[in-house]
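One structure is given here, and the rest of the page talks about it.
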Amino acid sequence: LPKPFYNFEEIINNKDKNPIRFAKTEVFSNLLKKYLLHNEKKKYQIRKKNNKHNNKEKILFLTYSNHIKENSILRISPILKNLPKKTNIEPFILTTDLISNKANGKINNHEHTIYDYLTEDIFQKSKKTAEEITKYYKKIKKIDLQNRLSQELNFLFSKEMLTLTIVYYLACRVMLKKENIKEVVITADTGFLDRALIASLKKENIPLTIIH
């Protein structure tokens, strides 16, 4: 998480949080979670949906918009060049934005994006589920470390951030089925979409390869 959130080492080494930084983090957290959810929904609204689909079996390569430079995709292009020419499985490049990237029309520069699989229904279902999870989270009795991580955990388990995570998860489930994905390659496993995709792959029993 970005500053002014405390990182794990700071929390372990300093039991008492600076009251000024604590107050700044509280304000920052409340603003950030609302902004991120609003921003991702705006990307979905801006995106001109790609409705071209076929039933061919595909291997999905997930990349981020900032990883694409002059038709070259970080870590993925070398793999694509070495794929067998004659195969029944075709590559499928799925592009997404960092959640911190401001929504704009550039998302329409990519052929396939995760935003193609979002719907208003997914947003509504995700919001309802997130509200239920948040209620349970607030009832959990916190141990000492959880209390020291309270701001960070409250942010991640907020209604807004849970909604965003579930939105990604449900969109991934739709995308995997609609595009007939048989295998997935990702270059990171720490982002919200990365983790949502990994969870959906486990549900669909689809193999995953992570390259660094």
Open item on the list: For region 41-52, check the following and say yes or no: at least one residue is touching a Leu at 6+ places or on another chain (Cβ under 9 Å), of a type in the set (Val, Ile, Thr) and open to solvent by less than 60 Å² (accessible area, probe 1.4 Å).
Closed with: no
Task: Within region 29-40, tally of residues that are over 13 Å from residue 101 (Cα atoms) and surrounded by fewer than 17 Cβ atoms within 10 Å (Cβ to Cβ) - done: 3
- [ ] Output the number of the condition that residue 164 fails; it satisfies all remaining conditions of (1) crowded, with 16+ Cβ neighbours inside 10 Å; (2) touching a helix residue (DSSP H, G or I) at 6+ places or on another chain (Cβ under 6 Å); (3) farther than 21 Å from residue 63 by Cβ.
- [x] (3)
TODO: Go through (1) part of a helix (DSSP H, G or I); (2) crowded, with 19+ Cβ neighbours inside 10 Å and name the single condition residue 138 misses.
DONE: (2)
- [ ] Name every residue in region 162-212 that is farther than 16 Å from residue 118 by Cα, part of a helix (DSSP H, G or I) and not acidic (Asp, Glu), in order of residue number.
- [x] 195, 198, 199, 201, 202, 203
Task: Matching option when the condition is closer than 19 Å to residue 197 by Cβ and at pLDDT 95 or above, among 98, 74, 62, 32 - done: 62
Task: Residue selected from region 177-203 under the condition of a type in the set (D, E, K, R) and over 18 Å from the mean Cα position of the chain (by Cα), by the criterion least open to solvent (accessible area, probe 1.4 Å) - done: 179
Open item on the list: If I go through region 63-119 residue by residue, how many of them are among the hydroxyl-bearing types (Ser, Thr, Tyr), touching a residue at least 60 places away in the same chain (Cβ under 8 Å) and surrounded by fewer than 17 Cβ atoms within 10 Å (Cβ to Cβ)?
Closed with: 1
Task: Residues (farther than 21 Å from residue 113 by Cα and out of contact with any helix residue (DSSP H, G or I) (no Cβ under 7 Å at 6 or more places or on another chain)) located in region 23-48 - done: 23, 24, 27, 28, 30, 31, 32
Open item on the list: Being among the aliphatic types (A, V, I, L, M), in contact (Cβ under 8 Å) with a residue 60 or more places away in the chain and out of contact with any strand residue (DSSP E or B) (no Cβ under 9 Å at 6 or more places or on another chain) is the filter here; which residues of region 157-190 pass it?
Closed with: 161, 164, 167
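The values are calculated or read from the model by the stated rules, or taken from the named source; none is laboratory data. Keep in mind the model is a prediction, meaning the values are calculated, not measured. Virtual Cβ from ideal backbone geometry, glycine too; neighbours counted across all protein chains shown. Only protein heavy atoms, including side chains, enter the accessible area calculation; ligands, DNA and RNA are left aside. Shrake-Rupley method; radii C 1.70, N 1.55, O 1.52, S 1.80 Å.
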